[in-house]
Amino acid sequence: MTNVLFVCLGNICRSPTAEGVMRKKLQQAGLSDTIKVDSCGTGSWHVGSSPDERTISMAEQYGYDLSELRARKLSANDYLRFDYILAMDTRNLADVIKTAPADFQGEIKLLLDFAPGDELEVPDPYFGGESGFLRVIQLIEAACDGFISQYQLNSSIDSPA
């Protein structure tokens with residue numbers, strides 16, 4: 001079992017979107033029993049809250065259901081549970097690295113490390129308009145597709161012929 005954690009600042013826009021997108025894409029790829037996903041934030045402002053209404057609305061337009069998700073804060077236990085911790089931007093990445101124990105065995109990366117193109121960060125749409133939420137969906141879909149492709153490639157390489 002591979003466990004993937006998506007991290008943003010408040011866990012109400014970008015990381016829950018990534019969780020919802022990845023869940024659906026894993027289901028479509030037949031990998032739901034192989035890869036488990038979750039999301040959290042580096043801050044605690046929204047703990048227990050549903051994703052932002054604009055996030056939920058944009059996700060629904062693209063067929064992703066975020067209705068059951070609730071915000072939570074990154075915890076020390078996450079470093080024990082997850083193989084991949086994927087941050088939305090360099091600030092989140094720095095926060096995750098700063099709090100990681102020295103013996104963490106997983107990978108800490110930017111989510112967009114798995115996406116084609118030159119963009120490094122999934123921009124925070126919170127203070128913007130609808131176009132920002134659309135851009136988040138587009139970037140996350142591309143990165144999730146890239147992660148799944150890389151996972152499948154690595155799994156086929158690791159499997160005996």
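Read-outs throughout are calculated quantities, based only on the coordinates presented, and are distinct from any laboratory measurement. Quick caveat: nothing in here was measured; it's all calculated off a predicted structure. Cβ: placed from backbone, ideal geometry, glycine included. Neighbour counts: every protein chain shown.
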For this session: Multiply the residue gap between LEU120 and ALA94 by 0.36 nm, knock off their C-alpha separation, and tell me the result in nm, one decimal place.
Result: 8.0 nm
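As a test of the formula, what do you get for the chain when each DSSP H run with n ≥ 4 contributes -39,500 (n - 2.57) and the sum is divided by the residue count, at 222 nm and rounded to the nearest 500 deg cm²/dmol?
So the helix-based figure for the chain works out to -13500 deg cm²/dmol.
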For this session: Report ³J(HN,Hα) in whole Hz for each residue of the range 47-59, in order, from the Karplus equation J = 6.51 cos²θ - 1.76 cosθ + 1.60 where θ = phi - 60°; Gly and Pro get x.
Result: 3, x, 7, 6, x, 3, 4, 5, 5, 4, 4, 5, 4
Exercise. So who's got an amide H within less than 5 Å of the one on LYS73, skipping anything under 5 residues away but keeping other chains? H placed 1.01 Å off N, in plane.
Worked result: GLY41
For this session: Evaluate the relative contact order of the range 56-161 (contact order divided by residue number), counting alpha-carbon pairs under 8 angstrom at least 6 apart; express in whole percent.
Result: 22
Exercise. Taking a ≥ b ≥ c as the square roots of the eigenvalues of the Cα gyration tensor of the range 1-43, is the shape rounded (a/c under 1.5), prolate (a/b larger than b/c) or oblate?
Worked result: oblate
Exercise. What FRET efficiency do you get for TYR62 and THR34 if R0 is 25 Å and r is their Cβ-Cβ distance, rounded to the nearest 0.05?
Worked result: 0.60
Exercise. Once amide H atoms are built 1.01 Å from N in the peptide plane, which residues 5 or more positions from LEU110, or in another chain, come under 5 Å H to H?
Worked result: ALA87
For this session: In nm, give the distance between the simple-model label positions of ASP103 and LEU134, each being 7 Å from the Cα along the Cα-to-Cβ direction.
Result: 5.0
For this session: Quickly rank 50-57, 92-99, 141-148 as a protection proxy: mean count of other C-beta atoms within 10 Å, highest first.
Result: 141-148, 50-57, 92-99
Exercise. Where the centre of each part is set by its Cα atoms, how far does the range 61-110 sit from the range 4-44, in angstrom?
Worked result: 9
Exercise. Does the range 19-81 classify as rounded, prolate or oblate by the C-alpha gyration tensor (a ≥ b ≥ c root eigenvalues; a/c under 1.5 gives rounded; else a/b over b/c gives prolate, otherwise oblate)?
Worked result: oblate
Exercise. Let a ≥ b ≥ c be the square roots of the eigenvalues of the Cα gyration tensor of the range 1-146; is it rounded (a/c under 1.5), or, if not, prolate (a/b larger than b/c) or oblate?
Worked result: rounded
